[in-house]
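What follows is a short report on a single structure.
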Amino acid sequence: MVEKTVVEGVRWDESEQCVIVSVRPDARRRGRCGLCRRPAPWYDRGRGRRRWRDLDHGTVRVFLEADAPRVACPRHDAGHTLAFDQQVAWMAAECSKSAAAELLRCTWRTVGRIVERYTADRDRGTDRLAGLTRIGIDEISYRKGQRYMTVVVDHDTARVVWMADGHGTDVLTRFFDELGEVRAPRLTHISADGAGWNTQVIADRAPRALRVMDPFHVVAWATEALNTERRASWNRARRELGDRETARSLKDSRFALWKNAEDLTDRQAAKLAWIAATDPRLHRAWRLKEALRAVFALAKHRPTAALKALDTWIGWARRCRIPAFVDLQRTIVRHYDAIRSALITGLSNGLIESTNTKTRLIIRRGFGFHSADAVIALVMLTLAGPRPILPGRQPSAA
């Protein structure tokens with residue numbers, strides 16, 4: 001692309017098998033920083049004539065050639081035109097880096113550097129941590145072997161504002177260090193799961209913020225407690241009663257027990273009816289799980305009623321004589337204030353779970369990544385700001 005430039009000549013380079021377009025900036029563009037476009041004082045002649053890779057003309061490579069005097073303004077050491085960077089960034093956001101590298105005839109390392117440069121240019125002068133009031137915190141696995149990344153999203157803008165390799169107290173403390181002592185007290189709501197590492201850091205660094213327990217994780221606890229009781233019932237039937245047929249049926253009942261009551265198929269409903277008749281204790285565990293899920297469903301329309309329903313559920317679970325659910329109610333009592341906040345505010349980690357789903361898609365599309373930094377770069381490219389657009393195009397209407 002040679003907009004706002006003067007074309008001095010076009011020639012074919014036989015040795016390189018490419019087209020060379022000699023250009024110079026027009027009078028109004030001389031002496032400007034190539035990054036911020038602002039006028040800047042002359043520094044030196046730089047390295048003389050330079051070439052920049054431009055978009056291909058059909059199947060023929062194209063390079064722009066021009067003098068490259070330097071000005072006293074920070075800039076990147078880029079060997080590509082802005083249009084080329086834009087197209088690479090757009091392709092990296094829409095397909096795998098290997099596909100982008102193949103189509104644009106560059107290495108995947110070059111694609112990675114361009115992604116980092118494009119994101120840095122887009123976010124230059126933007127402080128993603130400014131103005132935060134409601135955030136969500138979670139971790140996501142990106143490789144086998146318990147390799148995690150920590151993700152922080154802004155509930156108000158629905159964008160990722162911070163991401164780092166690892167998880168735990170030290171990583172989350174690093175986020176609050178970057179947030180700073182002035183901005184951390186301005187946080188009003190923080191949604192997260194019940195992991196001890198984030199609970200303690202949040203209490204220490206943002207004591208005024210309302211900590212909100214993610215409802216999805218609370219219901220997941222109930223599902224795990226139900227599965228624990230299902231395994232206990234299976235073992236009782238297999239070992240104590242010697243009833244292999246019943247044990248086999250209990251083993252095959254996982255999906256009927258896990259599924260929401262309104263989503264059961266006819267066959268799963270029949271399985272649940274069989275459990276109610278043959279193992280009342282396991283059926284009671286299923287009812288406890290469904291009742292806890294109903295508490296959060298009720299909170300969407302009647303928060304006050306949901307709070308009373310939660311207290312009723314705690315009393316029922318405390319007296320149910322099912323060890324897994326007795327332990328669960330202790331956990332819920334321990335996190336009672338955070339769960340109560342979730343019922344009142346309606347805030348959840350649904351946004352960050354959506355972010356994690358998109359991050360997994362990025363990882364799957366790239367067939368895995370060797371480092372967290374590569375994943376983070378693509379997540380920041382696509383989820384931390386405006387998505388790249390093709391050069392010369394306008395953003396599509398929302």
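What the table shows:
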| item | result |
| --- | --- |
| Condition met for Glu229 (open to solvent by 90 Å² or more (accessible area, probe 1.4 Å) and part of a helix (DSSP H, G or I)) | no |
| Verdict on Val219 being in contact (Cβ under 8 Å) with a residue 12 or more places away in the chain and either touching a strand residue (DSSP E or B) at 6+ places or on another chain (Cβ under 6 Å) or open to solvent by less than 20 Å² (accessible area, probe 1.4 Å) (or both) | no |
| Wholly enclosed strands (runs of 3 or more DSSP E) of the stretch 128-217 bearing at least 2 residues under 17 Å from Lys358 (Cβ atoms) and either at pLDDT 90 or above or polar (S, T, N, Q) (or both) | 134-143, 147-154, 159-165 |
| Top-ranked residue in the stretch 234-275 [being open to solvent by less than 40 Å² (accessible area, probe 1.4 Å) and at pLDDT 85 or above; ranked as farthest from the chain's Cα centre (by Cα)] | Ile275 |
| Helices (runs of 4 or more DSSP H) within the stretch 325-390 that include 3 or more residues among the small types (Gly, Ala, Ser) and either under 23 Å from Arg122 (Cα atoms) or open to solvent by 30 Å² or more (accessible area, probe 1.4 Å) (or both) | 372-383 |
| Considering residues of the stretch 100-132 that are open to solvent by 50 Å² or more (accessible area, probe 1.4 Å) and of a type in the set (S, T, N, Q) only, the residue farthest from Gln86 (Cα to Cα) | Thr126 |
| Positions within the stretch 90-141 being small (Gly, Ala, Ser) and more than 17 Å from the chain's Cα centre (by Cα), in sequence order | Ser96, Ser98, Ala99, Ala100, Ala101, Gly112, Ala120, Gly125, Ala130, Gly131 |
| Residues of the stretch 291-301 that turn out to be surrounded by 15 or more Cβ atoms within 10 Å (Cβ to Cβ) and either assigned to a loop (DSSP other than H, G, I, E, B) or in contact (Cβ under 8 Å) with a residue 24 or more places away in the chain (or both), as a count | 6 |
| The stretch 316-369, subset of a type in the set (Phe, Trp, Tyr) and touching a residue at least 60 places away in the same chain (Cβ under 8 Å), residue farthest from Leu381 (Cα to Cα) | Phe325 |
| Residue match in the stretch 163-184 (condition: within 21 Å of Thr345 (Cα to Cα) and open to solvent by less than 70 Å² (accessible area, probe 1.4 Å)) | yes |
| Neighbours by Cβ (under 6 Å, 6+ apart or cross-chain): first from the stretch 11-31, under 22 Å from Thr59 (Cα atoms); second part of a helix (DSSP H, G or I) | none |
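The values are calculated or read from the model by the stated rules, or taken from the named source; none is laboratory data. As the structure is a computational prediction, the values presented were derived from the model and not from experiment. All Cβ positions, even for glycine, are placed from backbone atoms using ideal geometry, and neighbour counts span all protein chains on display. Each accessible area value is taken on the protein alone, full model and side chains, heavy atoms only, with ligands, DNA and RNA left out. Shrake-Rupley method; radii C 1.70, N 1.55, O 1.52, S 1.80 Å.
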